[in-house]
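Colleague: Pasting in a structure now, in structure tokens, and then I'll have a few things to ask.
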Amino acid sequence: MTARTGITIDPSAFFDTVRTPGFRTDPYPFYAALREQLPVVRVESGGWLVTRYADVLTVLRDPALSTDPRRSGLHEKYASERTEGTLGEQAFSHFQFLDPPAHDRVRAEFAVPFGPGEIKALAPLVQRHTHRLLDEMARAGGTVDLVTVLAEPLPIAVILDVLGLPQADAADVAAWAQHLIANDDPDLLVAPERRVAAATAATEFGRYLARHAVSGAGRSGNGLLRMVLDAHRGGRLSLNDVLVNLMFVVVASLETSAGLIGNGVAALLDAPEARGRLAREPELAAPAVEELLRLDSPIQYTPRFTVADYRIGETIVPAGSHLMAMVGAANHDPEIFTAPDTLDIDRRGRRHVGFGGGVHYCMGAALARMEGCTVFPALFARFPELRAAGAPQRREMFTLRSLSSLPVHLGQ
Ligand code: HEM
């Protein structure tokens, strides 16, 4: 199929396209081709890509759809191909895989520190870690890899404090989370050795959390770890629920937030006027962060499952199908966003769907926004001459869109 973009998409070899350097660098022309000509299409994995904004929003919010692979008959496929050897059956107690009412019950126990009221209490923590890292960058001087010195260390420092875990464990926890997130791509893209690494990481991370659950952090701390252990003692969560969901919260928070910072800085380095305004007018941070999340969404797709035949426009998707709500594509839909491939921090109006939607809407959205609103103005105010010092490197993932390195001159 050839679209106005001049790009041909073969749905029977979609993941071959995904593996090409062109797609990795810039997937948006490919998404434009899909939106125009194959807006709801079955690809070789058996999954269905949904790329138009209106359809993606409907799919995200529709309570007729499920996120529990057990209800759609896809459970065995998921259990054997995706999680066997990592968390096996236990993985299904993480709440992204649960439908209401079980979803809401488990999520409520983990959501407390991330709520709209509570999140304000985390602002000083985010600022302290941001300025500490900027100080370290200034001391390093010259040329640095922004991913290594800022985009990755900030989210891990913040989430360890939120959980009530020692900062000294940052390197271990970040490494486990990297292996686990790498396992989150569609099956066709995950090499066997990635799966083995994820299995080992899950075992080690689980043991680490269990150790902390019985030690000081779990009993006397005041972080999320203590809160969910209290819920366990109160009979509201099993120990497995506690461990699986804590792991999930950590994994969900790290590479995503690092993606926002890395992708965001890379986009702003190409937009001198926008970054100058951001350094001078901190009140622009909130709309700028929304625009950066829209322009280059760190999570590009999120799953839903059909439990009965399901109509999207002209297409009937059969019961027991895996719908891939392509939020990265929806966020570039020209029906909704004028000049969608251009950064425009004055853009207002319709919301991006980079945090998903419906009951599974990102639990950490307020924290991620706070990190973005803190880091971008602080970085460009501190290093007004910051500039690229080489080509950014993309991570080789589909679900996640983030950088593995972003060399910059600090210009001091
Ligand atoms: C820029 C950073 C982030 C992005 C782009 C992002 C994006 C997303 C997306 C797309 C979903 C799926 C929603 C759906 O299926 O409708 C999600 C779910 C989730 N996110 Fe985030 N996220 C980010 C940061 C965080 C942080 C910091 C946390 C830490 C608490 C977090 C925790 C979660 C959790 C727990 C879920 C599952 C919610 C549920 O199933 O009810 N995320 N996120």
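Colleague: Return the only residue of Val317, Val249 being open to solvent by less than 30 Å² (accessible area, probe 1.4 Å) and under 25 Å from Val149 (Cβ atoms).
Modeller: Just a single option satisfies the conditions, and that option is Val249.
Colleague: Pick from Val106, Val126: which is open to solvent by less than 20 Å² (accessible area, probe 1.4 Å), at pLDDT 95 or above, touching an Asp or Glu at 6+ places or on another chain (Cβ under 8 Å) and more than 26 Å from Arg401 (Cα to Cα)?
Modeller: Val106
Colleague: With respect to the numbered conditions (1) modelled with pLDDT of 90 or more; (2) over 17 Å from Leu403 (Cα atoms); (3) more than 19 Å from the chain's Cα centre (by Cα), which one is the sole condition not fulfilled by Leu160?
Modeller: All conditions are met except number (3).
Colleague: Within the stretch 272-294, restricting attention to residues that are open to solvent by 20 Å² or more (accessible area, probe 1.4 Å) and aliphatic (A, V, I, L, M), which residue is farthest from the chain's Cα centre (by Cα)?
Modeller: Here the residue is Ala279.
Colleague: Looking at (1) within 16 Å of the ligand (Cβ to nearest atom); (2) open to solvent by 30 Å² or more (accessible area, probe 1.4 Å), find the lone condition where Leu400 falls short.
Modeller: (2)
Colleague: Same structure again: I'm told Arg351 meets every condition in (1) surrounded by fewer than 18 Cβ atoms within 10 Å (Cβ to Cβ); (2) touching a residue at least 12 places away in the same chain (Cβ under 8 Å); (3) more than 14 Å from the ligand (Cβ to nearest atom); (4) closer than 25 Å to Leu38 by Cα except one. Can you identify the failing condition by its number?
Modeller: (3)
Colleague: Can you tell me which residue in the stretch 355-395 is farthest from the ligand (Cβ to nearest atom), limited to those that are within 21 Å of Asp184 (Cβ to Cβ) and touching a strand residue (DSSP E or B) at 6+ places or on another chain (Cβ under 7 Å)?
Modeller: As a first pass, look at the stretch 355-395 and keep what is within 21 Å of Asp184 (Cβ to Cβ): 355-365, 367-368, 371, 393-395.
Applying the additional criterion that residues be touching a strand residue (DSSP E or B) at 6+ places or on another chain (Cβ under 7 Å) yields 356, 393-395.
Details: Gly356: 2, Gln393: 19, Arg394: 16, Arg395: 14 Å.
Residue satisfying both the conditions and the ranking: Gln393.
Colleague: Determine, yes or no, whether Leu278 is more than 13 Å from the ligand (Cβ to nearest atom), within 30 Å of Met397 (Cβ to Cβ) and touching a Leu at 6+ places or on another chain (Cβ under 6 Å).
Modeller: Numbers: more than 13 Å from the ligand (Cβ to nearest atom): yes; within 30 Å of Met397 (Cβ to Cβ): yes; touching a Leu at 6+ places or on another chain (Cβ under 6 Å): yes.
It is true that Leu278 is more than 13 Å from the ligand (Cβ to nearest atom), within 30 Å of Met397 (Cβ to Cβ) and touching a Leu at 6+ places or on another chain (Cβ under 6 Å).
Colleague: Considering each of Glu152, Glu204, Glu193, Glu136 in turn, give the residue that is over 16 Å from Val250 (Cβ atoms) and modelled with pLDDT of 90 or more.
Modeller: Every option except Glu136 fails the conditions.
Colleague: Still on this structure: Tally time: how many residues in the stretch 354-397 are part of a loop (DSSP other than H, G, I, E, B), open to solvent by 20 Å² or more (accessible area, probe 1.4 Å) and within 30 Å of Thr20 (Cα to Cα)?
Modeller: The number of residues fulfilling the criteria is 9.
Colleague: Taking strands (runs of 3 or more DSSP E) that fall entirely within the stretch 206-325, which contain at least 1 residues that are among the charged types (D, E, K, R)? Spell out how you get there, then give the answer.
Modeller: On the way: elements: 302-305, 310-312, 315-317, 322-325.
Those strands (runs of 3 or more DSSP E) span 302-305, 310-312.
The values are calculated or read from the model by the stated rules, or taken from the named source; none is laboratory data. Just so it is clear, the structure is predicted and the values come from calculations on it, not from any experiment. Ideal geometry is used to build each Cβ from the backbone, glycine not excepted, and the neighbour counts take in all protein chains shown. Accessible surface areas use protein heavy atoms only, side chains included; no ligands, DNA or RNA. Shrake-Rupley method; radii C 1.70, N 1.55, O 1.52, S 1.80 Å.
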